[in-house]
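Notes for the one structure printed next.
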Amino acid sequence: MTGTTPQGLGMRATRNSFWDSPWPWLIYLTFYPIPWLWVRPTTADLFAAVVAITLFLPVYVIGHRSERWRPWATTAILAIGVGVAIGGFKGSWTVFAIYAGAMIGSLRPAHHALIGVGAVMLTTLATGLLLGQPVLWWLPGAMLVVMTGAGTISREAFWDRTVALSETQGEVRRLAGTAERERITRDLHDVVGRTLTLVALKADLAARLIDRDPTAAEAEMRAVAHVAREGLGEVRLTLAGQAGGSLAHEIDASTAALNAAGIMHRLEGELSANAGDAGAVLAMTLREAITNVIRHAGARQCAITVSQHGTTASLTVADDGRGGVFREGNGIRGMRQRVVAAGGRLDLVAGPTGTRLVAEVPA
């Protein structure tokens, strides 16, 4: 015997099988005439059975299809009322009490259902005692009220947990989608920013060289084409979730970019100490940091330091540019998110002259 509860209606809307309808559970009504196998029913007994079933069926079906708990509870009350009303006639009147216990067990919150099932069971016991019927006539019915009601409560609790789990999974998928979009945005910002910066620098250099050194200008334009092709490959890797190369490779690319921008640079530290995931995170951090130095710092010198102390790998990028107060944009925000996601931290200090960035991640 099933019911529709206020919680989980979305889940139940997808359960349209025959066994979720009210019809299969009407077979329990066949238990009502069992006593007639050894006690011949009178006309009054037959008439009472027909009237009781006629009253019960519509309220049972209507209550089963209800999406509110009040009609469902009313149906359960009517069911036990029908059973009590025909308790004095020959027939298993506790069948209606069992239906009531099952229906009332669908109420939410669960403690309301427990109270309701207990009330139906006590009503069944009281009716049997007041009518002076033998214990075996009504006690099994009272026990089945408890068993059926408890089963319904358990089933509804299961569906509540299923709905909650489904909603949680939906939220996890939504958050995963948001995180993936943020990752793509962050990585594309770093990849495209550095690539376009190099393209612009080398194109400007080629324009300046074209009159006095056509061969060098041609070399720079070929370098522009190489950078563009390399950037396109990095964009593809980013969209595939494979952004972030080795730190050694990124240091080479960063020093090349600094040379193209006419910024002197100094490199210190052990590269071999920063490998694996730590190296990939620091590589992407270095890429954005050098892009910012070239585009915004107005620096003449830049120092890059990589080191490892125990289980912590660190990267320091310091320039002698304009420094001062600045507002963190998408690039710095993306660096910080990437480093924090790796379990590290990022510090950025802008002095009167120059800016110092320190990123630390577990090695």
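Taking (1) open to solvent by less than 90 Å² (accessible area, probe 1.4 Å); (2) modelled with pLDDT under 80; (3) under 34 Å from the mean Cα position of the chain (by Cα); (4) closer than 27 Å to residue 304 by Cβ in turn, residue 247 satisfies each apart from (2).
Residues that are under 27 Å from the mean Cα position of the chain (by Cα), surrounded by 11 or more Cβ atoms within 10 Å (Cβ to Cβ) and more than 30 Å from residue 98 (Cβ to Cβ) do occur in region 188-197, at least one of them.
Of the strands (runs of 3 or more DSSP E) lying entirely inside region 286-360, the ones with 1 or more residues being in contact (Cβ under 8 Å) with a residue 40 or more places away in the chain and not aliphatic (A, V, I, L, M) are found at 301-309, 312-319.
In a residue-by-residue description of region 117-140, the property of being modelled with pLDDT under 85, open to solvent by 30 Å² or more (accessible area, probe 1.4 Å), among the polar types (S, T, N, Q) and not in a loop (DSSP other than H, G, I, E, B) applies to no position. Criterion first (open to solvent by 20 Å² or more (accessible area, probe 1.4 Å), of a type in the set (S, T, N, Q) and either under 26 Å from residue 316 (Cβ atoms) or at pLDDT below 85 (or both)) does residue 255 satisfy it? Judged against the criteria, residue 255 is a match. Looking only at residues of region 198-215 that are without any contact (Cβ under 8 Å) to a residue 12 or more places away in the chain and surrounded by 14 or more Cβ atoms within 10 Å (Cβ to Cβ), we find that the one that is nearest to residue 261 (Cα to Cα) is 200.
Restricting the first member to region 160-179 and to residues that are closer than 29 Å to residue 108 by Cα, and the second to residues that are surrounded by 12 or more Cβ atoms within 10 Å (Cβ to Cβ) and hydroxyl-bearing (Ser, Thr, Tyr), the beta-carbon pairs closer than 9 Å and six or more apart or on different chains are 160/5. Residues of region 317-363 being farther than 26 Å from residue 176 by Cβ, out of contact with any Gly (no Cβ under 7 Å at 6 or more places or on another chain) and modelled with pLDDT under 80, which ones? Passing the criteria: 324, 325, 326, 327, 363. Applying a threshold of 8 Å to beta carbon distances and a minimum spacing of six or more residues, or different chains, the list of pairs starting in region 30-48 at a residue that is assigned to a helix (DSSP H, G or I) and ending at one that is small (Gly, Ala, Ser) reads 31/92; 34/92; 35/91; 35/92; 36/91; 45/91; 48/91.
Here the condition is being of a type in the set (Val, Ile, Thr) and either over 30 Å from residue 339 (Cα atoms) or modelled with pLDDT of 85 or more (or both); of 184, 153, it holds for 153 alone. When the residues of region 304-313 are filtered to those that are on the phi < 0 side of the Ramachandran plot and at pLDDT below 90, the one that is least open to solvent (accessible area, probe 1.4 Å) is 313.
Quickly run through region 141-177 and pick out the residues that are among the β-branched types (Val, Ile, Thr) and open to solvent by 50 Å² or more (accessible area, probe 1.4 Å). 146, 168, 172, listed by residue number. Among the residues examined, residue 63 does not qualify as modelled with pLDDT of 80 or more and among the small types (Gly, Ala, Ser).
Criterion first (more than 20 Å from residue 49 (Cβ to Cβ), in contact with a helix residue (DSSP H, G or I) (Cβ under 7 Å, 6 or more places away or on another chain) and not hydroxyl-bearing (Ser, Thr, Tyr)) does residue 83 satisfy it? So residue 83 fails the test. In region 340-363, of all residues being in contact with an Asp or Glu (Cβ under 9 Å, 6 or more places away or on another chain) and of a type in the set (Val, Ile, Thr), the one that is least open to solvent (accessible area, probe 1.4 Å) corresponds to 361.
The values are calculated or read from the model by the stated rules, or taken from the named source; none is laboratory data. Everything numeric here is computed off the predicted structure, so don't read it as measured data. Cβ sites come from the backbone with ideal geometry, for glycine too, and all protein chains shown count toward neighbours. Surface areas here come from the heavy atoms of the whole protein model, side chains and all, with no ligands, DNA or RNA. Shrake-Rupley method; radii C 1.70, N 1.55, O 1.52, S 1.80 Å.
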